[in-house]
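Q: The following block contains the structure, expressed as structure tokens.
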Amino acid sequence: MLKLRRCLVVIGLLLFSTATVAQVNIYSSRKEALILPLLEQFTAHTGIQVKLLTGKDDALLRRLALEGMASPADILITTDAARLHRAKQMQLTQALDNGVLQEAIPVVWRDEDDHWFGVTSRARPIIYAPSRVRAEQLERYEDLANSQWRGRLCLRSSDNVYNQSLAASALIANGAEQTLSWMQGMVSNLAKPPAGGDTDQLKAVAAGICDVTLANTYYLARLQRSENIGDNAVAEQLAVFWPNQSDRGAHFNISGMALTKASKHKQHAIALMEYMVSDQAQRWYSDANNEYPVVEGVPMPDVLASYGQPKADAVSLTRLGEINQQVIKLMDQARWQ
Ligand SMILES: [Fe+2]
């Protein structure tokens with residue numbers, strides 16, 4: 001009898017907690033200011049409270065792995081398909097067969113096994129100094145290995161996933177042998193050893209240390225839209241070139257979200273993930289982050305529209321994640337620091 005009563009008390013507590021706590025917990029590598037207003041809108045619409053923990057992309061994966069099934073996280077928000085694929089391989093995520101997400105997000109921007117979903121897409125074109133480079137001198141990513149760029153190229157280090165994923169798309173298009181010699185050519189063209197993030201490469205081009213680089217367009221847009229006139233001056237020295245327009249297209253990747261394996265508020269988490277692909281959320285989130293909405297028909301931010309409407313490489317992002325380790329080995333072989 002005592003056992004039964006205890007049991008009833010436990011069940012009562014469980015019912016009480018699920019009935020009163022409408023909550024969802026997010027681990028996000030997005031800076032708080034670039035997502036929090038949207039989450040507040042979601043709470044206003046649904047009454048579901050959102051708790052946000054922000055951190056660096058790879059640190060969040062390590063934290064999720066350490067916490068295991070005890071993790072309070074319901075949703076992981078992070079960047080780059082290769083990193084989301086890593087989270088899937090580490091068994092930190094779970095598949096979500098959801099009609100709203102499948103319908104809203106084109107198949108190229110989500111995982112083939114429904115473990116992760118793009119929220120925005122981002123482009124990684126060539127960015128150059130128009131005062132020293134004519135657009136006619138540029139055509140394909142592959143050409144950055146040519147000797148005309150000797151001492152004129154800046155690249156960030158190979159340990160960053162952005163160049164790894166771009167190189168993965170080249171590997172799929174061209175094979176290992178050509179990709180290795182492409183990397184070797186680029187390394188021998190470097191104006192300085194790889195260091196810093198994308199913004200540092202843009203600043204180096206603007207300062208005349210090098211003439212061309214690879215960077216995601218939101219970094220340029222951020223400098224352009226900055227309230228700091230020094231940033232605006234950097235952006236004025238730069239232009240976007242869309243490579244590979246007569247073949248596979250420019251490299252695009254995503255920022256994305258995944259339902260964690262440990263999720264304890266699955267229903268609320270799904271409601272939030274569905275909200276992220278609503279027209280209103282897509283519009284706000286892409287504008288705040290200077291990225292492309294993934295939902296068709298939602299207009300891109302004006303600053304991105306000013307860069308043109310490129311052809312994007314339609315390679316499977318899942319595949320880029322799968323060959324990530326092979327790419328890192330090639331980068332090491334090419335001595336891309
Ligand atoms: Fe970034």
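The values are calculated or read from the model by the stated rules, or taken from the named source; none is laboratory data. Given the structure is predicted, the values throughout are model-derived calculations rather than measurements. Counting neighbours? That spans all protein chains shown, and the Cβs are built from the backbone with ideal geometry, glycine included. Heavy atoms of the whole protein, side chains included, go into the accessibility calculation; ligands, DNA and RNA do not. Shrake-Rupley method; radii C 1.70, N 1.55, O 1.52, S 1.80 Å.
Q: How about segment 243-305: which GluC sites (Glu not before Pro) there are in a DSSP loop, with at most 11 other Cβ atoms within 10 Å of their Cβ?
A: Within segment 243-305, the qualifying GluC sites (Glu not before Pro) (loop, at most 11 other Cβ atoms within 10 Å) are Glu296.
Q: Sticking with this one: For the pairs Lys51/Lys261; Lys88/Lys329; Lys31/Lys192, flag any whose C-alpha to C-alpha distance is greater than 28 Å.
A: Lys31/Lys192
Q: For segment 252-315, what is the convex hull (Cα atoms) projected area averaged across all directions, in square nanometres?
A: 5.5
Q: Once fully extended, how much extra length lies between Glu296 and Leu34, figured as 0.36 nm per residue of separation less the alpha-carbon to alpha-carbon distance?
A: So the chain would gain 92.2 nm between Glu296 and Leu34.
Q: Mind checking the alpha-carbon convex hull of segment 16-114 and giving the volume per residue in Å³?
A: 124
Q: At 0.36 nm per residue, minus the direct Cα-Cα distance, what do Ile229 and Ala95 gain on full extension? Give it in nm, one decimal, please.
A: Between Ile229 and Ala95, full extension yields 43.7 nm more.
Q: Given a 1.4 Å probe and every protein chain left where it sits, what share in percent of the accessible area of segment 52-109 is carbon and sulfur?
A: With neighbouring chains kept in place, the figure for segment 52-109 is 55 percent.
Q: P(r) for segment 45-167, please, calculated from all Cα pair distances in 10 Å bins and given in %.
A: Values per bin, smallest distances first: 9, 31, 28, 18, 11, 2.
Q: How much of the calculated P(r) for segment 119-206 lies past 17 Å, in percent of all Cα pairs?
A: Value for segment 119-206: 51 percent of Cα pairs lie more than 17 Å apart.
Q: For the pair Ser181 and Gln148, what calculated FRET efficiency results from E = 1/(1 + (r/R0)^6), where r is the Cβ-Cβ distance and R0 = 22 Å, to the nearest 0.05?
A: Working from the Cβ atoms, E equals 0.85.
Q: What list of ³J(HN,Hα) values in whole Hz, one per residue of segment 251-267 in order, does the Karplus curve 6.51 cos²θ - 1.76 cosθ + 1.60 (θ = phi - 60°) give from phi, with Gly and Pro shown as x?
A: So the Karplus estimates, Gly and Pro as x, are 6, 10, 9, 9, 9, x, 9, 9, 7, 6, 5, 8, 3, 10, 10, 4, 4 Hz.
Q: Percent of accessible area on segment 209-337 owned by carbon and sulfur, 1.4 Å probe?
A: 48
Q: Starting at the first residue of segment 293-308, write each ³J(HN,Hα) from the Karplus equation 6.51 cos²θ - 1.76 cosθ + 1.60 with θ = phi - 60°, in whole Hz, x for Gly and Pro.
A: Values, residue by residue: x, 8, 7, 5, x, 7, x, 7, x, 3, 4, 6, 4, 5, 8, x Hz.
Q: Determine the principal axes of the Cα atoms in segment 232-283, then give the extent along each, sorted from largest to smallest and rounded to whole angstroms.
A: Principal-axis extents of segment 232-283 (Cα, largest first): 48, 32, 23 Å.
Q: With Cβ to Cβ distances under 14 Å as the rule, what net charge do the other residues near Lys31 carry (K, R +1; D, E -1)?
A: Summing Lys and Arg as +1 and Asp and Glu as -1 gives 0.
Q: Now for a separate question. What is the Cα convex hull volume of segment 197-337 when expressed per residue in Å³? Intermediate values should be presented prior to the final figure.
A: Working: hull volume 24.1 nm³, N = 141.
Hull volume normalised by residue count: 171 Å³.
Q: Still on this structure: What is the Cα centroid distance between segment 275-289 and segment 80-137, reported in whole angstrom?
A: Computed from Cα coordinates, the inter-centre distance equals 16 Å.
Q: Separate question: Using a 1.4 angstrom probe, figure out how much accessible area the chain has per residue, in square angstrom, rounded to the nearest whole.
A: 45
Q: Using alpha carbon centroids, what distance separates segment 311-337 and segment 188-265, in Å?
A: Between the Cα centre of segment 311-337 and that of segment 188-265, the gap is 18 Å.
Q: Give me the compactness ratio for segment 158-263, meaning the Cα radius of gyration over 2.2 N^0.38 Å. Intermediate values should be presented prior to the final figure.
A: On the way: Rg = 16.1 Å, N = 106, 2.2 N^0.38 = 12.9 Å.
That ratio works out to 1.25.
Q: Could you run the Debye sum over the Cα atoms of the chain, one equal point scatterer each and no solvent, and tell me log10 of I(q)/I(0) at q = 0.07, 0.11, 0.14 Å⁻¹, two decimals?
A: Log10 I(q)/I(0), no solvent term: -0.32, -0.73, -1.12.
Q: Dividing the alpha-carbon radius of gyration of segment 298-337 by 2.2 N^0.38 Å (N being the number of residues), what value is obtained?
A: Ratio of Rg to 2.2 N^0.38 Å for segment 298-337: 1.79.
Q: Once you wrap a convex hull around the alpha carbon atoms of segment 106-159, what is its projected area averaged over all directions, in nm²? Working shown, then result.
A: Values: hull surface 24.8 nm².
Directional mean of the projected Cα hull area for segment 106-159 stands at 6.2 nm².
Q: Which residues does the label zone of Asn174 cover in segment 220-256, counting backbone N under 12 Å from a point 7 Å along Cα→Cβ?
A: 244
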